[in-house]
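What follows is a single structure, written as structure tokens, with notes after it.
Coordinate-derived values only; no laboratory data. Source: prediction; values computed, not measured. Using ideal geometry, Cβ is built from the backbone for each residue, glycine included, and neighbour counts are taken over all protein chains shown.
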Amino acid sequence: MNVMIFTSSPNLDGLTAACGNAAKIGVEEAGARALVVNLNQYQIGNCKACGSGWGTCRNNNQCQVQDQFQELHASLAEIDAFILISPVYFGEMSESAKAFTDRVRRCEAFRKEKNYFEGKPVISVAAAGGSGNGLTSCLTSMERLFTHVKTEKFDFIGVTQKNRSYKLNTIYQAAKEMTLTLKNRGQ
Ligand SMILES: Cc1cc2nc3c(=O)[nH]c(=O)nc-3n(C[C@H](O)[C@H](O)[C@H](O)COP(=O)(O)O)c2cc1C
């Protein structure tokens, strides 16, 4: 069983990375393979909203912008569950998370057969600063994304610099529980 953990911060020892480590430990303790993907280390540009705006991706489920998106997109077929972790920037996901999720949503939301996210459990994590301003709007945009691609929403977790000590434990517990739930379904 494979669980992909997306992180999306330039800081390799910051709060987002700590959330990713907590999630990884939870997944591995539950007996699954954790694949941590830091989106900041991929060359993934923005959606060009090509054609009339709907893009060719709507019908062929592929993105025309050629970069590292394609290799990551293709790898999602082998994933059983997802954990998306983003720092909160201006009340939204970080730019690297937005660039990837904007494009993957367009490719997957209209897939005629079962899409790469459909029915798979997902945990969303928004990692904010001390103020926590915009934490809920960041989680809301994640909720909208995962509604469009038809995931099973397992949890939404907001963490700030102030509550990180106990919220990292929450992320670890949630990742473990999601993985065990999936295993118990016999996948
Ligand atoms: C460009 C930018 C915008 C930010 N906007 C917010 C914000 O709207 N609300 C908030 O609580 N923190 C905000 N922060 C703080 C980060 O969310 C916070 O420091 C987070 O923990 C960073 O994660 P990292 O340690 O993984 O880089 C912002 C930081 C940056 C760099």
Practice problem: List S94, S8 from most exposed to least, where exposure is judged by having the fewest other Cβ atoms within 10 Å. | Solution: S94, S8
Exercise. Would you compute, from DSSP H runs of 4+ residues alone, the mean residue ellipticity of the chain at 222 nm, taking -39500 (n - 2.57) per run and dividing by the full residue count, rounded to the nearest 500?
Key: -12500 deg cm²/dmol
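I need the calculated FRET efficiency for the pair M1 and Q68, taking r as the beta carbon distance and R₀ as 25 Å, to the nearest 0.05.
On the way: r = 25 Å, r/R0 = 1.00.
Once rounded, the FRET efficiency stands at 0.50.
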Practice problem: Once you've got the GNM for the chain with C-alpha springs shorter than 10 Å, pick whichever of L145, L76, L12 has the biggest mean-square fluctuation. | Solution: L12
Practice problem: Using only Cα atoms, locate the centre of the stretch 1-44 and the centre of the stretch 99-177, then give the distance between them in Å, rounded to an integer. | Solution: 13
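How high is the relative contact order of the chain, in percent, with contacts defined as C-alpha pairs under 8 Å that are six or more residues apart? List each step's numbers first, then the result.
Working: 352 pairs, mean separation 52.1, N = 187.
After rounding, I find 28 percent.
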Exercise. Step through the residues of the stretch 31-46 one at a time and calculate ³J(HN,Hα) from phi using the Karplus curve (6.51 cos²θ - 1.76 cosθ + 1.60, θ = phi - 60°), rounding each to whole Hz and writing x for Gly and Pro.
Key: x, 10, 8, 9, 10, 8, 10, 8, 4, 5, 9, 10, 8, 10, x, 7
Exercise. Multiply the residue separation of W54 and D102 by 0.36 nm, subtract the distance between their alpha-carbon atoms, and state the gained length in nm to one decimal.
Key: 16.1 nm
Quiz prompt | Cβ-based exposure ranking for F154, F82, in which fewest neighbours within 10 Å come first | solution = F154, F82
Quiz item: Taking the chain as a Gaussian network, Cα atoms linked when under 10 Å apart, which of G53, G132, G31 shows the biggest mean-square fluctuation?
Solution: G53
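What does the charge count near A18 come to, summing +1 for each Lys or Arg and -1 for each Asp or Glu among other residues with Cβ under 13 Å from its Cβ?
Numbers: positive: K24, R164, K167; negative: D13.
Net charge in that neighbourhood comes out at +2.
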Practice problem: State the antiparallel share, in %, of DSSP beta bridges confined to the stretch 77-187, rounding to the nearest 5. | Solution: 5
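Let a ≥ b ≥ c be the square roots of the eigenvalues of the Cα gyration tensor of the stretch 71-187; is it rounded (a/c under 1.5), or, if not, prolate (a/b larger than b/c) or oblate? Present the calculation step by step, with values, prior to reporting the outcome.
Numbers: a/c = 2.36, a/b = 1.29, b/c = 1.83.
Here the stretch 71-187 falls in the oblate category.
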Self-check item: Three-way shape label, the stretch 1-137, alpha-carbon gyration tensor, a/c 1.5
Solution: oblate
